[in-house]
Amino acid sequence: MSRSATLDLVRLEKKSSEQKILHVFRTWTIPVVRALGEKSPSRFNELKRKIRGVSSTSLSERLSSLEKEGILQRVVVPDNPPSVEYSLTAKGMELHTILVELGDWAEKWNENIR
């Protein structure tokens, strides 16, 4: 782990629960976790096609961040040419389950949510 990633984790450990939740749910986290929960493993371009509106740069940054946080794993497949596949870790699958439940809650109470 790089020094920068280690410092990020130390800073995250000092944050409150609310700050940690907001940190995890930065832009594009929910669509990435949802997409990988529906089809895992997935390649970069598969995810880019599935997540409407995300730029290559934003997707790359989000995937890298989620990998550092242990939510997904990146595997280099030794094909010719090599390819990269992303999949959810156990931590990521647990997060996906929570997101599905949150979506179910939103559907149930949809008439009262504005």
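Values computed for the structure shown
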{"read-out": "Proximal lysines to Lys20, defined as alpha-carbon separation beneath 25 angstrom and excluding residues fewer than eight positions away on the same chain", "value": "Lys68, Lys91"}
{"read-out": "Zero-based 10 Å bins, Cα pair distances in the range 3-112, whole percents", "value": "13, 41, 33, 11, 2, 0"}
{"read-out": "Using a Förster distance of 25 Å, the FRET efficiency for His23-Phe44 (Cβ separation, nearest 0.05)", "value": "0.60"}
{"read-out": "Approximate spin-label separation Glu107-Val76, in nm, with each point projected 7 Å along Cα-to-Cβ", "value": "4.1 nm"}
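Bear in mind these aren't lab numbers, they're just calculated from the coordinates by the rules spelled out. Computed from a predicted structure; not experimentally measured. No Cβ is skipped: glycine too gets one built from the backbone with ideal geometry, and neighbour counts run over all protein chains shown.
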